[in-house]
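Student: The structure's right below; bear with me while I get my questions together.
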Amino acid sequence: CKHCPSDTFNDTLKFHKNCAWIVRGWAILGNFAPILTDGKQRAVLARLAALLCLLSPVFESGRVLVAPPSEPYARPSPDLSMLLLAQVSSLLACAVWESGVCAYGKKEKCNNDQDAKQLLLRMLKYFIPDTLYIVAAFSFLIFTVICESLIPLYQGKVIDMLKGDALESSFSYVIGQLALVSLGSSLFASLRGGLFMCILSRLNRRLKHKVFHNLLWHDVHFFEKNDPGEDLSSRLQRDVDKMGRTVAFNANAMVRSLVRTCLMFGVMLNLSWELTVLTCIEMPLMAVIQNTYIRLKKQIQDCHAKTEGLALQTLKWIRIVRSFKAEDDEARRYNEAVDEMRAVKIRSGTYSYIYGLTRRVVSLVLKVFMLVQARSLISSGRLTTGSLVTFFLYQSPISRSLMEILYSYGETVSTVQVISKVFGYLDGVSECDKDGELAPEKLEGSIVFQNVTFTYPSSLADKPALKSLSLEIQAGKMTALVGPSGSGKTTCISLLKRLYKPQEGMILLGGKPLHQYKHKYLHQKVVLVSQNLELFSGSLRYNIEYGLKDCPIDKVREAAKTATADAVFSELTDGYDTDLGGCGNSLSTGQQHCIALIRALVRDPQIIILDETTGKVDAKVWHAVLQKVLSAGGTVLVVAHNLKSVETADRIIFIRNGEVVEEGTHHELMAKRGRYNEFSQNRDYNS
Ligand SMILES: Nc1ncnc2c1ncn2[C@@H]1O[C@H](COP(=O)(O)OP(=O)(O)OP(=O)(O)O)[C@@H](O)[C@H]1O
């Protein structure tokens, strides 16, 4: 080494200065990292290391170029290739840091990326029926980009010809070419836009149809897990729209940017490879910062959704909130959600500031380098002024295009991940949906449960709702299922309606296994009048006839007469054609329950199941409906808490903890002084 003592001193001084810079950097990082990273500081360390690696060579290079050292430099010459080498080696160092030191959590990210790619592939498959449209749209897109990319080239040529030494004819020729490519780009852009809109609307229609159709065939358990209102239906509308739009728009943007980037790179490399390499330095750094910024934007969206959901839920159930005096709790929960959103917004704002600042500084530094380099290229005759203008006209769109590629890819993958739930709606259709063959003209209305064991899908395996339960409901008789809350009464009915499938045992209807009956036939013959109000938007008649084809109005009126509701319904503004609105709010609760009874009667049911309907309608109406079914030879199965209403039942089956405990008439069971008797003593008998 030829270092003299003063060189050694300067090197030591420089080393200490660098150390001081690093210490300051770490100190700044310590303060800013929590804001930027939500506590995950190692990620920031990685970014900072990348930044430090780049800053040093940029600073040193700038110093050498702007204020060259007065003494002759004994080490390798700081020419452009050396400067580029320094940048490239810095980038390599960053890459090593990112993939080596920051490998934590990468595996998980890898798996997520893998899943996201699979989801993306699955999504792309839904575009297959529109292949022809897509090929045409992308072809027009490529033509648009080619034309757009040629515009700056011709603009540069025109500038070079402005000096006046070019022939008039060649000047007009170049102007003509410029006009042609400009016109071409507009024309192809319009065709591409129209075709993409068409593809999107076709995809949207296809997807919505498929998702809704599949939703209708899902297990009941699926609807217990997913809120049909806020979750399923809003996902069906919003996510399906978003899914097609995001993939289509981003694929559009990606292809456009890719083609544009390749073309522009070709032209730029042709004009000056040195300036092109300098242009490329900016990209990776910007990509890293932008990725973080995009992630934060996603977090803001999630927070928005959470706050919106909270507000919606609270306001929807305001009566319950009020009656439980939970206003303060709800306000606190809402405030917490808003505070969380504010924290993410601050982080995102800080990032956006840093992003903007870094971008400007890096661009400025690079511009200086490029101008210095361009000057020497022009003076050596390797570049014209027009070519330089062309180069600069390409430079900013190419940066934008590269950013767009990164952004579109990231956006597509993350959106597909977010909306992947929609794919779940397309999978796992109910096991109960397989249709049987039986549809006898005459059905004997007896029901037998043979050692039925059933556990709800969401319950623990050792907590069955029904435990080897056996019971018999005789045809043409009224049977009541009675038992304490949670004993399994509703579960028996759900199994009878084939909403679930028992894990063990068998249910026989008219002596034949339940699953052998045709679905539609079964639900027409075995009709459930539920304890919940289930009215659809539409007319009164639509609600009564729901699911029936060609039901004459006379039949509807006759059923309504049995339920003593004909007079009331006929007096409505449009009689039976009166629109009930969203959920029948224009009717009293009793009248709404009457609709459910009439809906059952118009089906001429062989078996009618009344689930906790006593007390919801007038007792006279209730008995009239029972008599109507029984007199037609039908079977009545009543689930009731109100023991008074089932006193007259031909048979009472008392269930407890998913097992039949006692059976008999009311008098037999009372005389037995067993569980039923005890149960009736403990209840408000007349309630
Ligand atoms: N959808 C469900 N998912 C999981 N477990 C359920 C579900 N529905 C009911 N259960 C459980 O199954 C058992 C039987 O419930 P079921 O609704 O059949 O009782 P029930 O006798 O009808 O009660 P109630 O008279 O209160 O309506 C209970 O332990 C209950 O917690």
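The values are calculated or read from the model by the stated rules, or taken from the named source; none is laboratory data. Bear in mind that the values here come from a model prediction, so they are computed numbers and not experimental data. Here the Cβ is made from the backbone with ideal geometry for all residues, glycine too, and neighbour counts use every protein chain on show.
Yes or no, residue by residue, for (1) not assigned by the TED database to the domain that holds Q627; (2) not hydrophobic (A, V, I, L, M, F, W, C):
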site	(1), (2)
E444	yes, yes
L460	yes, no
L466	yes, no
G483	no, yes
R498	yes, yes
H515	yes, yes
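Student: Continuing with this model, one more query. Report every pair of residues separated by at least 6 positions or lying on different chains whose Cβ atoms are under 8 Å apart, first residue within segment 641-657 and farther than 13 Å from M670 by Cα and in contact (Cβ under 8 Å) with a residue 60 or more places away in the chain, second part of a loop (DSSP other than H, G, I, E, B) and of a type in the set (V, I, T).
Tutor: Matching pairs, first to second residue: A649/T665; D650/T665.
Student: Report, by residue number, each residue of segment 537-560 that is free of Cβ contacts under 8 Å to residues at least 40 places away in the same chain and of a type in the set (A, V, I, L, M, F, W, C).
Tutor: I553, A560
Student: So I398 clears everything in (1) surrounded by 18 or more Cβ atoms within 10 Å (Cβ to Cβ); (2) more than 19 Å from G266 (Cβ to Cβ) except one condition, right? Which one?
Tutor: (2)
Student: What do you reckon, is L533 under 26 Å from I553 (Cα atoms), in a loop (DSSP other than H, G, I, E, B) and either more than 16 Å from the ligand (Cβ to nearest atom) or at pLDDT below 90 (or both)? Let's see the steps before the verdict.
Tutor: On the way: under 26 Å from I553 (Cα atoms): yes; in a loop (DSSP other than H, G, I, E, B): yes; either more than 16 Å from the ligand (Cβ to nearest atom) or at pLDDT below 90 (or both): yes.
Answer is yes for this residue.
Student: When residues of segment 646-681 are filtered for being within 16 Å of the ligand (Cβ to nearest atom), of a type in the set (G, A, S) and either surrounded by fewer than 17 Cβ atoms within 10 Å (Cβ to Cβ) or closer than 18 Å to I607 by Cβ (or both), how many remain?
Tutor: Result for segment 646-681: 0.
Student: Report yes if some residue within segment 135-150 is within 30 Å of S272 (Cβ to Cβ) and more than 39 Å from the chain's Cα centre (by Cα); otherwise report no. Even if it seems obvious, please write down each step before you answer.
Tutor: Our first condition is that a residue be within 30 Å of S272 (Cβ to Cβ); within segment 135-150, this holds for 141-150.
The next check asks that each one be more than 39 Å from the chain's Cα centre (by Cα); those that pass are 150.
So far as segment 135-150 goes, yes, one or more of its residues are within 30 Å of S272 (Cβ to Cβ) and more than 39 Å from the chain's Cα centre (by Cα).
Student: Hey, another quick one. Could you list all residues from segment 595-637 that are at pLDDT 85 or above and touching a Phe, Trp or Tyr at 6+ places or on another chain (Cβ under 9 Å)?
Tutor: Selection gives I595, L597, I598, R599, L610.
Student: Scan segment 510-543 for residues that are under 13 Å from D604 (Cα atoms) and surrounded by 19 or more Cβ atoms within 10 Å (Cβ to Cβ) and report the count. Quick ask: steps written out before the conclusion?
Tutor: Keep residues of segment 510-543 that are under 13 Å from D604 (Cα atoms), which gives 521-528.
Remaining after also requiring surrounded by 19 or more Cβ atoms within 10 Å (Cβ to Cβ): 522, 525-528.
Residues meeting the conditions: 5.
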